[in-house]
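The values are calculated or read from the model by the stated rules, or taken from the named source; none is laboratory data. All values reported here derive from a predicted model rather than from experimental measurement. Ideal geometry is used to build each Cβ from the backbone, glycine not excepted, and the neighbour counts take in all protein chains shown. Side chains are part of the model used for accessible areas, which takes the heavy atoms of the whole protein and leaves out ligands, DNA and RNA. Shrake-Rupley method; radii C 1.70, N 1.55, O 1.52, S 1.80 Å.
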Amino acid sequence: MQTAKLFKIALLSALPVFMLASCEGNEEPKNNSNDVVSDQLPVETNEGEELQSSFLPSPLQVAMIFDKSGLEFDPSLVNNPNNLQKYTTKFEKSLNFGAYSADLAYAVLNEKSKEAAKTLKVVKELSSEIGLSTVFDSEDIMTRFEKNISNKDSVLDLLVLIEEKTDDYIEENGEHELGAVMFAGAWIEGMYIGARSAIKEQKKNKDLGNKLSEQMIICGNIIKELETKAQKSAEVDKLIADIKAINDLYHNFESVKKMEGDAAYEVTLTEDEMNQLTGKIIDIRNSIVKE
């Protein structure tokens, strides 16, 4: 898996945490080994160096998982398309391109066609503003999306096409910083949706802390990507500091400190720990989307 696949991760990285919103009553989603991302796969870059990156299930696997999970779409959780005009720098636009991409996948998987169409238009507009216009110009994606809006599988295929074209652009043009920032935005948005869902469901489902914990395994990888791929700036430094704050908070929880290795991402957080983690995620996400 080359670093050009960063956008594929960006679009899908958040999806496993959407399972947090899928629980109805006390029913637990089935455990699936693909729900947990792994940081054990090395990625060889063009320079020959190896970086840890995140493994995620394929689009088909993700679709199957969430088709069975009973997801409930909450429109209040996504980044409002009207916020688009708030983003003025390339960094802000790249970060929120990732956030809107996560929202797009969230809507598509829940078969919310109107919401998905609105979000896709925002993603397209942002793509042209950050140099990714060729992703949409080379194919009449918008027309195909509108024609297939009621066909979930066809729309998912279009999302994969967008991913692949974005991956190609990043690799061919050496825009690895862009990929890293988009990845961070998508992950934070997905964790935000998971955090907000966890707050709503905490009384019903005590396993939600565990589901949120599973996704923390990606956190260190995001930090590595930003530190190695992004040029230093005040904006990048703040983003790294914010993600480190989430990572440090999590690893200082008593429930986590006594665990080692991958077991540290399989814990059930206490109510207080959950409140601290979700609060931190929500604050950082809201600062990114400028709520």
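A few remarks follow.
- Computed packing ranks the peptides 101-113, 79-91, 183-195, 150-162 as 183-195, 101-113, 150-162, 79-91, most packed first, by mean other Cβ atoms within 10 Å.
- Accessible surface of the range 240-287, 1.4 Å probe: 43 percent of it comes from carbon and sulfur atoms.
- The phi torsions of the range 241-252, fed into the Karplus equation with coefficients 6.51, -1.76 and 1.60 and a -60° offset, translate into couplings of 4, 5, 5, 4, 5, 5, 4, 5, 4, 4, 6, 9 Hz, rounded to whole numbers, with Gly and Pro shown as x.
- Excluding ligands, DNA and RNA, the accessible surface per residue across the range 248-291 is 54 Å² with a 1.4 Å probe.
- Overall form of the range 155-268 per C-alpha gyration tensor (a/c, 1.5; a/b vs b/c): oblate
- Computed over the range 99-163, the quotient of the alpha carbon radius of gyration and 2.2 N^0.38 Å is 1.00.
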